[in-house]
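What follows is a short report on a single structure.
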Amino acid sequence: MCSVGIAVEGKSDRKFLEKLLDDLAFNQNDVRFYHIGNKSNFFKPDYKRHTELKEDIEFEEIKKVLFVIDADNKRDNQRYGGYENTQNELEKLISALGLETYIDTFISCDPNTKEGYLESLILSSLDEDKRQCIQHFLDCSQFKSKENEKTIVNQIYSMGYPNAPYNFQHKNFDKLKQKLKNLFS
């Protein structure tokens, strides 16, 4: 039986969180992941994954939930993009679901700019030279699609730093780690 739920946008978010949960030595058998798909689905109270989540809470299979969602960028999405818009929409959603006492949230982004996505958070944990190296590749490759860029960033990061793909000790991961610790407490 699972005791906690984590709602994520996609598979790469889940894979990253699984690695972080391993690093924190949490039992993943206690976790049920809810794949929401795209960001606009996240904010639909009647979306099928939210219905499943509510039922799991009602049947006491899930005690606590963490929503992990990308901030994205305001320039790409005026309604849902950026940290503040994302936070406001999450608050509306959680209220509409009536699950305020069960759900906590984490908005993935570069902590300095408050924009971006999980990959932005990961890149923010690199030293400046490594960040510039990846950014230079993205600039000269001229990838235009956000989804392609996110995939490319993940692949470059994993290939470029295979022995220590994520610096979970970096301060930029502290807030997410604390939210996960609270989820399991």
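Residue by residue through the stretch 9-58, note down the ones that are among the basic types (K, R), free of Cβ contacts under 8 Å to residues at least 60 places away in the same chain and within 26 Å of I156 (Cα to Cα).
Selection gives K11, R14, K15, K39.
Would you check which residues across the stretch 55-109 are open to solvent by 90 Å² or more (accessible area, probe 1.4 Å) and assigned to a helix (DSSP H, G or I) and list them?
E58, E84, E91, K92
So in the stretch 13-53, with the set limited to residues that are among the hydroxyl-bearing types (S, T, Y) and either in contact with an Asp or Glu (Cβ under 8 Å, 6 or more places away or on another chain) or in a loop (DSSP other than H, G, I, E, B) (or both), which one is nearest to N182 (Cα to Cα)?
Among residues in the stretch 13-53 that are among the hydroxyl-bearing types (S, T, Y) and either in contact with an Asp or Glu (Cβ under 8 Å, 6 or more places away or on another chain) or in a loop (DSSP other than H, G, I, E, B) (or both), the one nearest to N182 (Cα to Cα) is Y34.
Return the only residue of T105, T101, T113 being over 29 Å from V4 (Cβ atoms), of a type outside the set (D, E) and at pLDDT 90 or above.
After applying the criteria, what remains is T113.
Collect the residues in the stretch 73-110 that are within 25 Å of Q135 (Cβ to Cβ), within 13 Å of the chain's Cα centre (by Cα) and not β-branched (V, I, T), keeping them in residue-number order.
Y83, F106, S108, C109, D110
Quick one: is I6 in contact with a strand residue (DSSP E or B) (Cβ under 6 Å, 6 or more places away or on another chain), in a loop (DSSP other than H, G, I, E, B), of a type outside the set (S, T, N, Q) and modelled with pLDDT of 90 or more?
no
Could you pull out the residue among G98, G82 that is small (G, A, S), in contact with a strand residue (DSSP E or B) (Cβ under 9 Å, 6 or more places away or on another chain) and over 17 Å from D13 (Cβ atoms)?
Exactly one of G98, G82 is small (G, A, S), in contact with a strand residue (DSSP E or B) (Cβ under 9 Å, 6 or more places away or on another chain) and over 17 Å from D13 (Cβ atoms), namely G82.
Only residues that are among the hydroxyl-bearing types (S, T, Y) and buried (at least 18 other Cβ atoms within 10 Å of the Cβ): list them for the stretch 25-46, please.
Across the stretch 25-46, the qualifying residue is only Y34.
The values are calculated or read from the model by the stated rules, or taken from the named source; none is laboratory data. All values reported here derive from a predicted model rather than from experimental measurement. Methodologically, a virtual Cβ is constructed for each residue, glycine included, from the backbone with ideal geometry; neighbour enumeration extends over all protein chains shown. Side chains included, ligands, DNA and RNA excluded: accessible areas come from the protein's heavy atoms. Shrake-Rupley method; radii C 1.70, N 1.55, O 1.52, S 1.80 Å.
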